[in-house]
1. Quick one: which strands (runs of 3 or more DSSP E) sit completely within the stretch 1-98 and have at least 1 residues that are under 22 Å from Thr126 (Cβ atoms) and at pLDDT 80 or above?
2. Would the stretch 245-253 turn up any residue that is in a loop (DSSP other than H, G, I, E, B) and either modelled with pLDDT of 90 or more or among the hydroxyl-bearing types (Ser, Thr, Tyr) (or both)?
3. Of Arg270, Arg263, Arg280, which residue is under 30 Å from Val147 (Cα atoms), open to solvent by 90 Å² or more (accessible area, probe 1.4 Å) and assigned to a helix (DSSP H, G or I)?
4. Which of (1) open to solvent by 80 Å² or more (accessible area, probe 1.4 Å); (2) in contact (Cβ under 8 Å) with a residue 24 or more places away in the chain is the odd one out, the single condition Glu252 does not satisfy?
5. May I ask you to list the residues in the stretch 174-204 that are in a loop (DSSP other than H, G, I, E, B) and on the phi < 0 side of the Ramachandran plot?
Amino acid sequence: MYADLRIDQIMPNPDQPRKFFDEDAHRELTESIKENGLLQPVVVRVVEGEDVPHMIVAGERRWRACRAAGMVSVPARILDGIDEEKAFVLSISENVNRADMTIMEEAGAYADLVALGWTSEAIAKTFGKTKTHIDWRLGLLTLRPEVAEWVNEGKIKANLSWHIAQLSPAHQMIAATRYMRGDFDSEADAANFAQGLRMAEQQTSMVTEKEPTVEEKEKRQKAKTKTTDKLGKVEEVVMPLLEELTKAKPEELADILGSDLGRYVRQIDRLANQVTLARRMLRQANGIAEARKVAWDAAVAEVEEEKVKAADGKTPEAKPEPEKAEPAAEKAVAKAKAPARARRSAATTATKGPARKVPTQKKVAQDDASQAAEPAAKAEAAAAK
């Protein structure tokens, strides 16, 4: 059913998956509505027993712009027989493919559906995504609040943010801050560094691991010498040849090589493929090496701190385990179980203030975040020396 509804007869949905509304885009839409009117109606559902009888299912951005444009009423499509879960799914469906919906908002929306009993497969099928896409988004909910905010603002892209999310809170901060200050040549290098930190975390102990035997050291040295010798030949032989080729004109090469050109083209193509693969492998290895050093410096700093305490006659205090952050899914369960009347009242209140920008995610308690950041600070200080 379609009808014109007064602006004050409509309230936003407090469970709207999209929390951030771009101010410039809002102003543009407001001016367009002033000039041309609202071309697409908002979609609402009836809520019983409330002062505001209709709740938005889709079109909150249009409703906000109409209100800002000074409109008294708006065209609306009124849905019958829509429960809260169905309304939430429709709301996600409208926003999930929009460019201005942040990936943290998307992740939070999926987490809310998981809390309602949805599987990754069902979510993927409903919204036209792959299961991997859904799982990767859900994986972002382990990010520290500071890092999640950078992701939400688009300063850290989806692929890198997922790799950072696999780390402990302290290492998340190391990887994210180094990327933000431009320590890496590319996003791929930052991801390699994060993967290296993850590998370091999975080691039982970096400081107390067994010293390599003399034979093992000699074997490693021989392998290093052999590899560096071969890499040196790239500079000595391959690079001069390629530089000479690139200086020649195509017509000159055609005269010189003639019918053999096809064979050399195929050889160069194979070489290019191997160079690309070798480059990727070396960059991954470099990220692992840098991450190992950061993790090693942090571990050594902790051991030295314990030695100093022991020398002063103090018993080193056992560091408490950080409390687990409250999963977004658990928060969504609590929200889903909240009385519908209370949630609708919250929606009425929401019309009086700006949209909430913080996405649904696992939140680390501030005290725990401070404790988790200590090793990160020590590692950064050690690396700077």
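The values are calculated or read from the model by the stated rules, or taken from the named source; none is laboratory data. All figures in this text were calculated on a predicted structure; none of them were measured in a lab. Virtual Cβ from ideal backbone geometry, glycine too; neighbours counted across all protein chains shown. For the accessible areas, the whole protein counts, side chains as well, though only heavy atoms, and no ligand, DNA or RNA atoms are used. Shrake-Rupley method; radii C 1.70, N 1.55, O 1.52, S 1.80 Å.
1. 42-46, 54-58, 73-79
2. no
3. The conditions single out Arg280.
4. For Glu252, the failing item is (2).
5. Listed by number, the residues that qualify are Arg181, Asp183, Phe184, Asp185, Ser186, Gln202, Gln203, Thr204.
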